[in-house]
1. Using just the Cα positions, wrap segment 486-639 in a convex hull and report its mean projected area in square nanometres, one decimal place.
2. Return the FRET efficiency for the residue pair Ala162, Lys371: r is the Cβ-Cβ distance, R0 is 41 Å, and the value is rounded to the nearest 0.05.
3. Just list whichever of Lys142/Lys581; Lys468/Lys581; Lys410/Lys624; Lys75/Lys624 have alpha carbons separated by over 29 Å in the model shown.
4. Which distance in nm do the two modelled labels at Glu58 and Leu255 give, with both placed 7 Å along the Cα-to-Cβ direction?
5. Roughly how much of Arg86 is accessible, in Å² to the nearest 10, using a 1.4 Å probe?
6. Points 7 angstrom from Cα along the Cβ direction at Ala66 and Ser518: gap in nanometres?
7. As a test question: what accessible area, to the nearest 10 Å², does Arg637 have when a 1.4 Å probe is rolled over all protein chains in place?
8. Express in nm, to one decimal, how much length is gained between Ala131 and Lys204 on full extension, taking 0.36 nm for each residue of separation and deducting their alpha carbon distance.
Amino acid sequence: MANGSTHIWPQYGPPIAAERSPMTQETARRGAWFASAAVLLLVAACLPAQESPADVTERLAAEITAALKNGEELKVWVNAPGAQSRVQVKDADSKALRVLIQGNPFPLAWSRMKPQEIAGIARDIAGGNAARLFLAGELALKLNLKSEASDLFTKAAQADPALAARIPREVLLPLATAGGNADSGGAAAEQTGKAAAPLPSGGKQITVAPEEDTATPLRLPDAGLQTRMWSAPRDNHVMRANILYARFTWKDWGLDGKGQVQHFKGWMAKKRYVAFRMYCNTPADLPDPGLPTATAGGTSVPRYWDPKFVEAHKRFLKALGQEMGNNPYLAYVDIGGVGNTGGEWLTYPDDRWGDKPVFRDLGYTPEAKEKLVWELCAAYREAFPHVRLYLAGAGVSFVKDRAALFAYMKQHNIGVRSDGLCWKSVGESDEWSVRKSGTHKIWQDVPFQWEGSYSTMEWEKEGWNTDKTMEKALEFGPISFCYADSDKDAVRFEGLADKVRILDRTALKLGYRIAVTSASYYDTVRSGASFAVQMTVANRGVSRVYADRELEVAIVDAQGRTLGAARARPVPGTNEWLPGKEVQATLQVRLPGGLPTGEWQLAIGMLDEDPRRPNQRLEMALKKHTELNQYILGPLRVR
């Protein structure tokens, strides 16, 4: 389970046929999940009730009610057929917990839950809140789940050391607050001023300082430098970027969404991350001459806002999503289909929505374009459910209720792209595109990217200093991506050492860059024991990690082979590792059983939360690592 708590739904439903399309599989999976929930509730209604202490469920229901009244969104882990998912909590009382399954409320009677299920819900509700973790530990203890209680009390003491003194003596605390393990047999000794009890084997607490990599740009799917992709794959292509980005007209793609897919698949087959935007500037860009257009004042544009056009756009997105949406190397998709190749939702010849009376007379009003922004955000999210999306800053500026849009973007993993990075846009003269849309206000909540205006070659021709432009761009805000050059310049660009130096230096800062500068833990463990690592984590980048990710603790041999591993979310979570800051984080896991005895190495990895990339460990800014991006912390003995 992703966070160590108990799943409350068993697996139900028939297997999904392998030959179905990804979109059909997703539809079938959701339907099976929804049906499974109903079946489970009917079955549960016929089962005899299990006794669980009333004061436990009453206290838990009261905590849930208080959190919901404070405006918190609470979720608990469930097992949908074939996947792990979290569902939202609607409310709770002394009799039942009610959760939302595809928007429908389902009651879960406390009296019919196993003690492990109740403890798991308490853990989920707690998150990283110290007081709630302590309460969850008390509830687990009342349910006679001492091991679960030990883990929860440990996490509570990690989050708030003052709570260590309140931990009941009957609980065997694995010294996680001191970096120890379950075999140490003590109770948070360092938190109470006493020396930590040594392990029977003579193990001791050690502190290691992994060597940081300060020179290598990280290859991440959600941050870094990107370049424009104009050509088909070729081995001698000069690429100093994480993401290969391209734009094509709707006509290039075709109504079936397949026209340029092979072009992308060639790069993805080489394990390169790609991103794209589809644009539609003039009627000549349309794949079907029957789609509605508008002509006024000598200018013809597609009638983007027309219901017929919108429905055709949605059908295209559905087909395109089926073709590419499940590919793990599709990094992101721009919400497009409207406006010119520049991507700022402008129409030829550079007319801003509704500015000309002739277009307003045709229905091209501010209200129509605002409605279209909402419609396309929803349509792209449905077509690409697991892919990060980006909305142009000008598109953001078309929505009056900015707060509602920003909340929607945060909830649905939609970032902001600002066009026109050049000296003028980051210098003192012009911040219009960013300030007008208000996107600078939400950089802490959603990813942001700059798009370079022209290529760096052309910057120099215009007298724009590349070094200063990049420097100012990094100062402007927490940037995840920066689109900086065109592959048309790649051959010439390779010979320009100064440009290479500038972009490499920029790449070292873009997005997040996580390094573990020190780690403390007990150097001797047993199979199946509780084990904790206290780390000082530094984010050397300019943006945060926009996800609460799991970390993996791995025991590896000298050849880098994994002997055993366990996963958990650190406290505080990775989404709280802010740029330019160091944080004290604790990771506690239950080691797997059957570990071979011997002298090994302890490694750590950060896991990608994207379901298209299961078990993928992301790069970190540490030098010593395995081929699987497991970063070596120090020695570890298994006895």
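The values are calculated or read from the model by the stated rules, or taken from the named source; none is laboratory data. Source: prediction; values computed, not measured. All Cβ positions, even for glycine, are placed from backbone atoms using ideal geometry, and neighbour counts span all protein chains on display. Note: areas computed on protein heavy atoms with side chains; ligands, DNA, RNA excluded. Shrake-Rupley method; radii C 1.70, N 1.55, O 1.52, S 1.80 Å.
1. Across all orientations, segment 486-639 yields a mean hull projection of 10.8 nm².
2. Details: r = 52 Å, r/R0 = 1.28.
Here the calculated transfer efficiency is 0.20.
3. Lys142/Lys581; Lys410/Lys624; Lys75/Lys624
4. Spacing of the two 7 Å Cα→Cβ label points: 6.5 nm.
5. Counting only protein heavy atoms, Arg86 exposes about 130 Å² to solvent.
6. Once both label points are built, they end up 3.6 nm from each other.
7. 80
8. Answer, rounded to one decimal: 23.3 nm.
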